[in-house]
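The values are calculated or read from the model by the stated rules, or taken from the named source; none is laboratory data. Worth saying up front: this structure is predicted, and the values here are computed from it rather than measured. Cβ: placed from backbone, ideal geometry, glycine included. Neighbour counts: every protein chain shown. Just so you know, the surface numbers come from the protein's heavy atoms only, side chains and all, with ligands and any DNA or RNA stripped out. Shrake-Rupley method; radii C 1.70, N 1.55, O 1.52, S 1.80 Å.
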Amino acid sequence: MKFYKPTSIPDLFRISEEIEGKKYFLAGGTDINVQIKNGIIKDEPVIFINHLNELKGIKESEDIILIGTLTTYKEIIESDLLRKVLPFFQNSLKSFASPILQTMATIGGNIANGSPTADVTPLLLVLDAKLKLFSKSRIREVKLSEFFTGYKEFILKANEIIGAILIPKNAETGFDTFFEKVGSRKSLTIAKLEIAGLKRLKNNKIEEIKIAAGALNEYPRRLHKLEEFLTGKDIDRIDFSQVEEILNREITPISDLRSDKEYRLQVSFNLIQSFILN
Amino acid sequence: MKINFTINGNHICLDIDPMRRLIDVIRNDLGFTGTKEGCGEGECGACTILLDGKPVTSCILNVIHADGKEILTAEGIAQKPIGKLLIDCFDETNAVQCGFCFPGFLVVSYYYLISDGEPSLKKIKSALSGNICRCTGYKKIFESVMLACERKPRMNTNEHE
């Protein structure tokens, strides 16, 4: 296994462009080392990036919170800035993995690993997060909702990395918030399913609603059809059989070792119903 | 590649494959076999060490992650006053059964005592939620950490480190 340790971000892209074919960027190590153990990663070159301080930390500008790709979950959970500006986002991540893994795992690594069950992605989706993608000669911003294209597939080009996560500062302001991770135990659990939601009511009517589902499709996504159906509805006059029908068309859960399809469909509906009514 | 770190107070310089698992280097190359391998995937907490003062599972770290840093294993913690206090409390409450998970619990309990230390069952449970005991002796483990939290204020404060 060839190993590289760049001295800076420009050096990182210089090294990366010299390596043809598949390569891995090693940050916290919590996913890559499990994949090495299980033989999924064999001999591919590894570029270590965890020491690049320019990619760490949480900053604010006038209307955006920027989270560097190598920021750990512990740093996010303990951030005074996030406690003030995005408390729902911060509180929801306390159930992430375990306190030990929170110290090691990075937010960018979690997204780039691409797991359909990544805890952070449904939350970022309802917060309308964007990703800042870095490559040698340019930086581009993409909506997180347009980042994924399939199971562990996304629009990252060769020699491009997730540099930072951008969240509007007012993303939670004025919304009722909802996040449920359903797992077999509280800590150290991979989600059977996850629902994140934001809603704003006016005169008992849904003025705006955002719902995202994790572990229910090949990648976490917003439920746009359901959102459209619910917008403008009086919450006392919602036909929940229609909600269930739309939901069942918008999510495609599978049966696997953690749960089965029927359970996932039923519990997703129950959670969305309780989110809308409470 | 040359990697430098401190382990339990000893400075180490190794010429080594930087992708070697940190747990293998700690156990096999350096002989600190108190660090145990359970699941090998970061989920059971048996291999927990302190890296620059924070608990991490050494089975899913590479030795490069320790470069320039300070490692404290269960052996190092056992020499510290708070480590000794914890071991006494685990002993008194008979919290250790087969003992395999114990080094990991010791490391994380030590971190809890020096970073917070409030005798709150809720907080202790949450702090220890990344460690699994397959003898399922959690109740006594929580009791022993609680006991250590209660006794700690009576220690001379400069003995803590």
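Using the heavy atoms of the protein chains and a 1.4 angstrom probe, tell me the accessible area per residue for the range B:77-159 in square angstrom.
50
Tell me: how much accessible area in total is hidden between A and B, 1.4 Å probe, Å², nearest 100?
2100
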Original post:
Quick one: putting +1 on the C-beta of Lys and Arg, -1 on the C-beta of Asp and Glu, what dipole do you get for the range A:1-50 around its Cα centre, in Debye to the nearest 20?
Top reply: 160
Subject >> ³J(HN,Hα), Karplus 6.51/-1.76/1.60, whole Hz, each residue of the range B:29-42, x for Gly, Pro >> reply: 7, 10, x, 8, 7, x, 6, 9, 9, x, 7, x, 10, x
Subject >> FRET efficiency, B:TYR138 to B:ASP24 (Cβ-Cβ, R0 25 Å, nearest 0.05) >> reply: 0.30
Subject >> Shielding score for A:89-102, defined as the mean number of other chain Cβ atoms within 10 Å >> reply: 4
Original post:
Which distance in nm do the two modelled labels at A:LYS202 and B:CYS13 give, with both placed 7 Å along the Cα-to-Cβ direction?
Top reply: 6.9
**OP:** Please report the relative contact order for the range B:77-159, taking Cα pairs under 8 Å with a sequence separation of at least 6, and give it as a percent rounded to a whole number.
**Re:** 42
Original post:
What is the range A:185-226 by shape, rounded, prolate or oblate, if you read a ≥ b ≥ c off the alpha carbon gyration tensor as root eigenvalues and call it rounded for a/c under 1.5, prolate for a/b larger than b/c, and oblate otherwise?
Top reply: oblate
Original post:
Say R0 is 41 Å: what FRET efficiency, to the nearest 0.05, do A:ARG14 and B:GLU118 get from their beta-carbon distance?
Top reply: 0.25
Original post:
Using a ≥ b ≥ c from the Cα gyration tensor of the protein assembly as shown (square roots of the eigenvalues), is it rounded, prolate or oblate, where a/c under 1.5 gives rounded and otherwise the larger of a/b and b/c decides, a/b for prolate?
Top reply: oblate
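If you roll a 1.4 Å probe over the heavy atoms of the protein chains, what accessible area per residue do you get for chain A, in Å²?
45
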Subject >> Rounded FRET efficiency, nearest 0.05, which uses the C-beta distance separating B:ASP88 from A:ILE64 and R0 of 60 Å >> reply: 0.70
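To the nearest 20 Debye, how big is the dipole of the protein assembly as shown about its Cα centre, given +1 on the beta carbon of each Lys and Arg and -1 on that of each Asp and Glu?
160
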Original post:
So, with +1 on the Cβ of K and R and -1 on the Cβ of D and E, and no other charges, what is the size of the charge dipole of the range B:2-76 about its Cα centre, to the nearest 20 debye?
Top reply: 80
Subject >> Equivalent-ellipsoid semi-axes of the range B:20-161, from the Cα gyration tensor, Å, largest first >> reply: 24, 17, 13
**OP:** Taking the dipole about the Cα centre of the protein assembly as shown, with the C-beta of Lys and Arg at +1 and of Asp and Glu at -1, give me whichever of A:SER187, A:TYR151, B:CYS59 is farthest to the positive side.
**Re:** A:SER187
Original post:
Taking only DSSP H segments of four or more residues, each worth -39500 (n - 2.57), what value at 222 nm results for chain A once the sum is divided by all its residues, to the nearest 500 deg cm²/dmol?
Top reply: -8500 deg cm²/dmol
Original post:
Considering only protein heavy atoms, what is the solvent-accessible area of B:SER144 at a probe of 1.4 Å, reported in Å² to the nearest 10?
Top reply: 0
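Once you average over the residues of A:29-37, how many Cβ atoms of partner chains fall within 10 Å of each Cβ?
6
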**OP:** Go ahead and collect, in residue order, the members of the range B:92-127 whose backbone nitrogen is under 14 Å from a label point 7 Å along the Cα-Cβ direction of B:LYS69.
**Re:** none
Original post:
From the phi of every residue in the range A:237-253, what ³J(HN,Hα) in whole Hz does the Karplus formula 6.51 cos²θ - 1.76 cosθ + 1.60 yield, where θ is phi - 60° and glycine or proline is x?
Top reply: 10, 8, 7, 6, 5, 6, 4, 5, 5, 5, 4, 5, 8, 8, 10, 10, x
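Could you tell me which of rounded, prolate or oblate describes the range B:2-76, using a ≥ b ≥ c as the square roots of the eigenvalues of the alpha-carbon gyration tensor, with rounded for a/c under 1.5 and, failing that, prolate when a/b is larger than b/c and oblate otherwise?
prolate
With the contact rule set at Cα under 8 Å and sequence spacing of 6 or more, what percent relative contact order holds for chain A?
Values: 511 pairs, mean separation 40.9, N = 278.
So the answer I get is 15 percent.
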Original post:
Once you put a point 7 Å from the Cα of A:ASN278 and another 7 Å from the Cα of B:LYS125, both along the Cβ direction, what distance in nm separates them?
Top reply: 1.9
Subject >> Residue pairs, from the table B:LYS36/B:LYS140; A:LYS143/A:LYS261; A:LYS181/B:LYS125; A:LYS157/B:LYS54; A:LYS84/A:LYS225; A:LYS84/B:LYS123, whose Cα atoms sit over 25 Å apart >> reply: A:LYS143/A:LYS261; A:LYS157/B:LYS54; A:LYS84/A:LYS225
**OP:** Return the distance in nm (one decimal) between the two label points of a simple spin-label model at A:GLU44 and A:ASP236, each offset 7 Å from Cα along Cα→Cβ.
**Re:** 5.6
**OP:** Find which of A:PHE48, A:PRO10, A:THR30 sits farthest along the positive direction of the dipole of the range A:1-50, computed with +1 on the beta-carbon of Lys and Arg, -1 on that of Asp and Glu, about the Cα centre.
**Re:** A:THR30
